[in-house]
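Notes follow the structure.
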Amino acid sequence: MPQQGPERSSARPRPDASMSLLTEIMEHSLDDGYAEAARREKTAPRSTGTRLVVAAGLMIAALIVTVAATEAHDAAPVIAEERANLIDRVEDETAEADDLHGEVDRLRQDLEDSRSKALDNEGAAALERLGLLSGAIDVEGPGVRLVVDDAETTASAGGDGPRRSTGFTDTGRLRDHDLQKVVNGLWAAGAEAVSVNGQRLTALSAIRAAGDAIVVDNRPLAPPYTLLAIGDGDRLSDTFQNGADGRYLYVLQENYGIRTSISTQDKVSLPAAAGLTVRNAQPAGPAGKVTS
Amino acid sequence: MIAVLGLILGVVVGFFVRPEVPTAFEPYLPIAVVAALDAVFGGLRAMLDGIFDDKVFVVSFLSNVVVAALIVFLGDQLGVGAQLSTGVVVVLGIRIFSNVAAIRRHVFRA
């Protein structure tokens, strides 16, 4: 960019010509009025009046700064109190939600009992089978217990693997899609029912992220993540660990320090799913007939 | 001497009287703080440069506060108040830094 000033038109452009705005701000930091006033009157006699004006100006400046400081100081406990109130509210509501979940479980148990009493044996068996598959009732059986936890130091900077690309900052932290892969691997290995930290997974379950937390069916989970899966214990465990998702988990363990342990259990118990509400879906015509 | 007394008086009044800032003026307080600091450091530098002028000091201080508050007020009306106050803080902040650098050169010759 050529220099604008006519007196320097023949000279080379200044090396910082493209940064003239920054230079302007940096070099004109002092108000131009000072230089002008100094030019106007070389020796200004300093009367008491001018000193008082300066003192008044400085007083206002000091007053503003002090008021801002005291305001911030006064506001700090109020902000902390509001924060504590919010935390209290969150905890209260969570406790209430837990209570309601308990009540749902109890009522569902009542419903199951009444229903099986009302139905004949054959119907009850079919219903129980449906409940098993849909996650509407508690199940138990042989299976595996898989515990996955974040790396020891979740802030450790890992490699620049693909895990970097997600919103989370810590590479040593298990992410929602890691958990999705693990759960998927368990299903693929032949698991018949899966739960994560006591949350039974159903056909309606979603595993997703909210901030730094993993959320299953709108309930945030805290590590370590304990996955229980019902299936043929040893075979389920082997198939999972040799499958693509098991190897993915192994890679996470090797490269990012994610801690995992898998064990075969003779008997694991999985709770029923909490929310199994179907609002829009309707059975399509008579059973077995598929409308196209 | 009187100037230093004024400074101390301002701190004392702010600390002990604790004037309530009306909520309407609360957003302009940070801007006023930065403008006040800018004026004080500018005046200090001018004093060390030997060109201090009391009228320029007071007028530039008051006009800076008013203009900064006006910019933020305008921004608030247009929905970009936070961005404009950031701009004011950046510009005045750069001025404060370079004035403090000049004061430092005066005092320490480095």
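The values are calculated or read from the model by the stated rules, or taken from the named source; none is laboratory data. Fair warning: this is a prediction, and the values are worked out from it, not measured in the lab. Cβ sites come from the backbone with ideal geometry, for glycine too, and all protein chains shown count toward neighbours. To get the accessible areas, we keep the full protein, side chains included, count just its heavy atoms, and leave off ligands, DNA and RNA. Shrake-Rupley method; radii C 1.70, N 1.55, O 1.52, S 1.80 Å.
By its C-alpha gyration tensor, with a ≥ b ≥ c as the square roots of the eigenvalues, how is segment B:1-108 shaped: rounded for a/c under 1.5, else prolate for a/b larger than b/c, else oblate?
Oblate.
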- Message: Using protein chains only and a probe of 1.4 angstrom, how many square angstrom of B:HIS106 are accessible, to the nearest 10?
- Response: 60 Å²
- Work out from phi, with θ = phi - 60° and the Karplus expression 6.51 cos²θ - 1.76 cosθ + 1.60, the ³J(HN,Hα) of each residue of segment B:34-51, listed in order in whole Hz, and give x for Gly and Pro. 5, 5, 5, 4, 4, 5, 5, 5, x, x, 4, 5, 4, 5, 5, 6, x, 10
- Max mean-square fluctuation residue, GNM over chain B, Cα-Cα springs under 10 Å, options B:VAL66, B:VAL21, B:VAL88: B:VAL21
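Does segment A:21-95 come out rounded, prolate or oblate by the C-alpha gyration tensor, with a ≥ b ≥ c the root eigenvalues, rounded set by a/c under 1.5 and, if not, prolate when a/b is larger than b/c and oblate if not?
oblate
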- Message: Using amide H atoms built in the peptide plane, which far-off residues or other-chain residues are under 5 Å from A:ALA193 H to H?
- Response: A:ILE230
- Query: For segment B:31-93, taking Cα atoms only, what is the radius of gyration to one decimal and the Dmax to the nearest whole Å?
  - Reply: 13.1, 43
- Task: Provide the per-residue ³J(HN,Hα) series for segment A:174-188, in order, calculated from phi with Karplus coefficients 6.51, -1.76, 1.60 and θ = phi - 60°, each as a whole number of Hz, with x at glycine and proline positions.
- Result: 6, 9, 4, 6, 5, 5, 4, 5, 4, 4, 4, x, 5, 4, 5
- Can you tell me the equivalent ellipsoid semi-axes for segment A:139-270? Use √(5λ) from the Cα gyration tensor, largest first, whole Å. 24, 17, 12
- Between A:ASP138 and residues 5 or more places away or on another chain, the pairs with built amide H atoms under 5 Å apart involve A:ALA272
- Message: Could you compute Rg(Cα) / (2.2 N^0.38 Å) for the protein assembly as shown, with N its residue count?
- Response: 1.65
- Chain pair B, A: total accessible area buried, heavy atoms, 1.4 Å probe, Å²: 3400 Å²
- Query: Hey, in the GNM for chain B with a 10 angstrom Cα cutoff, which one of B:PHE52, B:PHE61, B:PHE73 fluctuates hardest?
  - Reply: B:PHE52
- Task: Leaving out ligands and nucleic acids, note down the accessible area per residue over segment B:1-108 with a 1.4 angstrom probe, in whole Å².
- Result: 57 Å²
- Note on the structure: About its Cα centre, segment B:1-108 carries a charge dipole, from +1 on Lys and Arg Cβ atoms and -1 on Asp and Glu Cβ atoms, whose size in debye to the nearest 20 is 320 debye
- Search the structure for amide H atoms under 5 Å from the amide H of A:THR171, placed 1.01 Å from N in the peptide plane, and list their residues when 5 or more places away or on another chain. A:GLY158
- Note on the structure: Phi-derived 3J(HN,Hα) across segment A:201-215 with the Karplus relation (6.51, -1.76, 1.60, θ = phi - 60°), rounded Hz, x for Gly and Pro, is 8, 10, 5, 9, 6, 10, 10, 8, 10, 9, x, 9, 9, 8, 10
- Message: Compute a Gaussian network model of chain B, connecting alpha carbons closer than 10 Å, and tell me which residue from B:ARG18, B:ARG95, B:ARG45 fluctuates the most.
- Response: B:ARG18
- Note on the structure: With every protein chain kept in place and a 1.4 Å probe, the residues A:THR264, A:THR50 fall, from largest accessible area down, as A:THR264, A:THR50
- Query: What part of the accessible area of the protein assembly as shown, given as a whole %, is carbon or sulfur when the probe is 1.4 angstrom?
  - Reply: 59 percent
